[in-house]
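These notes concern the structure reproduced below.
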Amino acid sequence: MLKPLYITTPIFKSNVASEQCNAEVFYKMECYQPTGSFKLRGMDFLMKDLASKGHKKVIGSSGGNAGYSLAYVGNHMSIGVHLVVPKTTSTYMIDKIKRFGANVEIFGENWDEANVYAINLSEELKLPYIPPFDHPQLWQGHSTIIDECALQISKPDKIVVAVGGGGLLSGIFEGLLRNKWSNVKIVTAETEGAASFAKSFNANQIVKLEGVSTIATSLAAKQVASQTLHYAKQFDVEPYIMSDKVAFMGCQDFFREFHTLVEPACGAALSYSKHNVLRQGEKVLVIVCGGVNMGFEKYVEYKEKYLSEIQ
């Protein structure tokens, strides 16, 4: 059996957040994965299955961390990757993806349009299609986060996790069920311009957003995976929505404490533990999902944009 390309990430206690909230706040540092995010786990599982079946090339759609992790895994497994990204994808991210040998095609005004095109292209070329979040093997890979957590710390009172399309959250749910942590409260973090899960959860049915508008681009899915909502009904879930400014503040606080850049999508989860919404004495685990779609230049740009509001 091939060795996993993802690593067992550490859990660190946030002394700053713990002191601010008078609670015990721990961070699962998925930002330390070789590709900078949890996405590597799911792509590792899915691509190994395809490799075992003899596939030598795949089609994917993602201009973010899923595409970056797919390209990384494809490079290590000698599987060709053709990635369709929307026009909104930054040159910074496209260059990172190309460094792993992936062929990048730009199509569509947003991810939804790029995704439809990628699916049609995979059918036309008779090649496997790799989605960024909606696939059982992706969730299986992401669920290993909780397997590790169960060996690293005792059961927390709450787990805080950012939600975009729902791939990470589905994996967290699966891991909680497998490790008999189903009574842990789940706090989902989304920004105001991309709260597809919160709207669906509150409506008890899938709600598709008309559009998304947020700096947390990795959360910018118009519709959450249906399986994610199905899992959520089995847990005590509390949706938490914040502004882009607050999400960036989570990134800034994390950078100050751990000297590591993460995306605003990850900052959404980090901001929950920073703003006095935890109960005294609670033990809280925050999934630091990571993300590499924000270089230092973008960090400075956001800092300047929100500086007057933050100070």
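The values are calculated or read from the model by the stated rules, or taken from the named source; none is laboratory data. Keep in mind that what you see is a predicted model, and the values were worked out from it rather than measured. Cβ coordinates were reconstructed from backbone atoms using ideal geometry, including for glycine residues, and neighbour counts include every protein chain displayed.
Below are the figures for this structure:
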quantity: Hey, residue 263 surrounded by 23 or more Cβ atoms within 10 Å (Cβ to Cβ), charged (D, E, K, R), under 24 Å from residue 30 (Cα atoms) and in the same structural domain as residue 167 (by TED's automatic domain parsing) or not; calculated: yes
quantity: Residues located in the range 168-196, provided they are assigned to a helix (DSSP H, G or I), buried (at least 22 other Cβ atoms within 10 Å of the Cβ) and modelled with pLDDT under 95; calculated: 194, 196
quantity: Criterion (closer than 29 Å to residue 71 by Cα and in contact with a helix residue (DSSP H, G or I) (Cβ under 9 Å, 6 or more places away or on another chain)) met by exactly one of 261, 285; calculated: 261
quantity: Qualifying residue in the range 66-83 (condition: assigned to a loop (DSSP other than H, G, I, E, B), of a type in the set (A, V, I, L, M, F, W, C), touching a residue at least 24 places away in the same chain (Cβ under 8 Å) and surrounded by 24 or more Cβ atoms within 10 Å (Cβ to Cβ)); calculated: no
quantity: Any hit, the range 111-133, residues being touching a Phe, Trp or Tyr at 6+ places or on another chain (Cβ under 6 Å) and under 22 Å from residue 216 (Cα atoms); calculated: yes
quantity: Given (1) at pLDDT below 95; (2) in contact with a Ser or Thr (Cβ under 8 Å, 6 or more places away or on another chain); (3) in a helix (DSSP H, G or I), index of the condition residue 257 fails; calculated: (1)
quantity: Condition check for residue 218: crowded, with 16+ Cβ neighbours inside 10 Å, of a type in the set (S, T, N, Q), under 29 Å from residue 261 (Cα atoms) and modelled with pLDDT under 90; calculated: yes
quantity: Hits in the range 189-213 - residues which are among the β-branched types (Val, Ile, Thr) and either more than 15 Å from the chain's Cα centre (by Cα) or more than 19 Å from residue 64 (Cβ to Cβ) (or both); calculated: 206, 207, 212
quantity: Checking residue 121 against (1) outside the structural domain of residue 208 (by TED's automatic domain parsing); (2) touching a Gly at 6+ places or on another chain (Cβ under 9 Å), the condition it does not meet; calculated: (2)
quantity: Subset of the range 185-199 [among the aliphatic types (A, V, I, L, M) and touching a Pro at 6+ places or on another chain (Cβ under 6 Å)]; calculated: 198
quantity: Hits in the range 115-135 - residues which are touching an Asp or Glu at 6+ places or on another chain (Cβ under 9 Å), in a helix (DSSP H, G or I) and under 19 Å from residue 166 (Cβ atoms); calculated: 118
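Here is a yes/no grid of residues against (1) in contact (Cβ under 8 Å) with a residue 40 or more places away in the chain; (2) among the hydrophobic types (A, V, I, L, M, F, W, C); (3) more than 20 Å from residue 68 (Cα to Cα):
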residue: 113; (1), (2), (3): no, no, no
residue: 116; (1), (2), (3): no, yes, no
residue: 120; (1), (2), (3): no, no, yes
residue: 124; (1), (2), (3): no, no, yes
residue: 128; (1), (2), (3): yes, no, no
residue: 132; (1), (2), (3): yes, no, no
residue: 140; (1), (2), (3): yes, no, no
residue: 143; (1), (2), (3): no, no, no
residue: 146; (1), (2), (3): no, yes, yes
